[in-house]
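Working notes, beginning with the structure itself.
The values are calculated or read from the model by the stated rules, or taken from the named source; none is laboratory data. All figures in this text were calculated on a predicted structure; none of them were measured in a lab. No Cβ is skipped: glycine too gets one built from the backbone with ideal geometry, and neighbour counts run over all protein chains shown.
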Ligand code: C2O
Ligand code: CU
């Protein structure tokens, strides 16, 4: 489709720089990698040396004057994850996690992204079905924002729900360019006294790099069979930017009802989540309200959000934990402490009732039913021994767009030919799976199948991709194109 190669594309996007790849087929193989360069070095030319792909950024449609105006400054900063644990990284407004943007349903929101990074960047508003020109996908919906310049995103805050924003360039999300975005609903279907947003993430104490191409040893050096996966060498799992050795404590009172807004902002970690001593009642999925489901635990993948209400009826000191489904780091942790209970917080036992997708029943009207106007059968797989992940045999950006027409009921039938779970995310639309609406869904490994349906009601060019960032970077994406 274009003459640029994927490797050049990756180099330009990851901020690791073209030089890292020069003359070296497996630049990050075990033993072959020197110390990490200081952040930002080696990518000084990344926004000048690249032939962009073929999509013409759409013209934005003007919106009314903003109700909320913010600036987000993307910058290199030193972040603190716990005592004696600081790290150089790239973040928004000098803080990790980035500032919570909290707006009301229907607000016109204007956010000026100021790029003070030593690389190009964009910001994506994950889950919000905004107009295409504001979606923040480089070379698809906009040109990337160059160093020292800015881009203003404007959108109407709807529908209400729990979202997050993050960089959509290369592996920048795994540096920490992310933050929560909450659109408060006028009329929630659940009762609660207070709410807390909780961001789970995996933490890399070095600049992220694409995983190895040779299928054996990746940057984590885990070794792997054909088709299996490697993970980056994470140093820990974080809740709200803190290591489990330094957890945030929520001081609570018996009888309170707390709404948690859980966001999985990790780049390569599925979390199994549970609060000791309590059930959670799941009330929203990817921001959309569902009939409340009481569970003991739930699992969620990168890009997914779950809201849950907890009734505080069991005084004590308790840990809320999010453990990696695959990965041996200590679980991310948050403490919930009732007044007067000073002891060591108790860790949860695992087991009991775990949320399943088929437990979820949307409270919104679902705009697709019956038979689709257009069906795509798409396999998810890995390209042999190379660390390249494919949608229907193709690696983005050397991949055909999936064409649809406005108004159509579209169905994707996904079939996972790899042993690895893929959290697949669609931009610009909610889709229906079973009786639920969501924007990200885990497709289980070993021939797992998911059928998702959506109404083509938001024209533009939209990315559909795996939200494992390393899979995405290696090619696991397609553009959905309205024709
Ligand atoms: Cu969180 Cu392409 O998105
Ligand atoms: Cu994947």
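Observations
- Some residue of region 396-413 being at negative phi, away from ligand 1 (no atom under 16 Å from the Cβ) and touching a helix residue (DSSP H, G or I) at 6+ places or on another chain (Cβ under 8 Å): yes
- Those strands (runs of 3 or more DSSP E) lying entirely in region 332-431 with at least 1 residues under 30 Å from residue 294 (Cα atoms) and assigned by TED's automatic domain parsing to the domain that holds residue 276: 332-338
The rows are residues; the columns are (1) touching a residue at least 60 places away in the same chain (Cβ under 8 Å); (2) within 21 Å of residue 140 (Cα to Cα); (3) surrounded by 21 or more Cβ atoms within 10 Å (Cβ to Cβ); (4) within 10 Å of ligand 2 (Cβ to nearest atom).
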{"residue": "411", "(1), (2), (3), (4)": "no, no, no, no"}
{"residue": "415", "(1), (2), (3), (4)": "no, no, no, no"}
{"residue": "426", "(1), (2), (3), (4)": "no, yes, yes, no"}
{"residue": "435", "(1), (2), (3), (4)": "yes, no, no, no"}
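- Within region 126-151, considering residues that are out of contact with any helix residue (DSSP H, G or I) (no Cβ under 9 Å at 6 or more places or on another chain) and in a strand (DSSP E or B), the one farthest from residue 464 (Cα to Cα): 150
- Residue match in region 438-450 (condition: touching a helix residue (DSSP H, G or I) at 6+ places or on another chain (Cβ under 7 Å), within 16 Å of ligand 1 (Cβ to nearest atom) and part of a strand (DSSP E or B)): no
- The set of residues from region 445-466 being closer than 16 Å to residue 303 by Cβ and either within 16 Å of ligand 2 (Cβ to nearest atom) or outside the structural domain of residue 397 (by TED's automatic domain parsing) (or both) comprises 450, 452, 463, 464, 465, 466.
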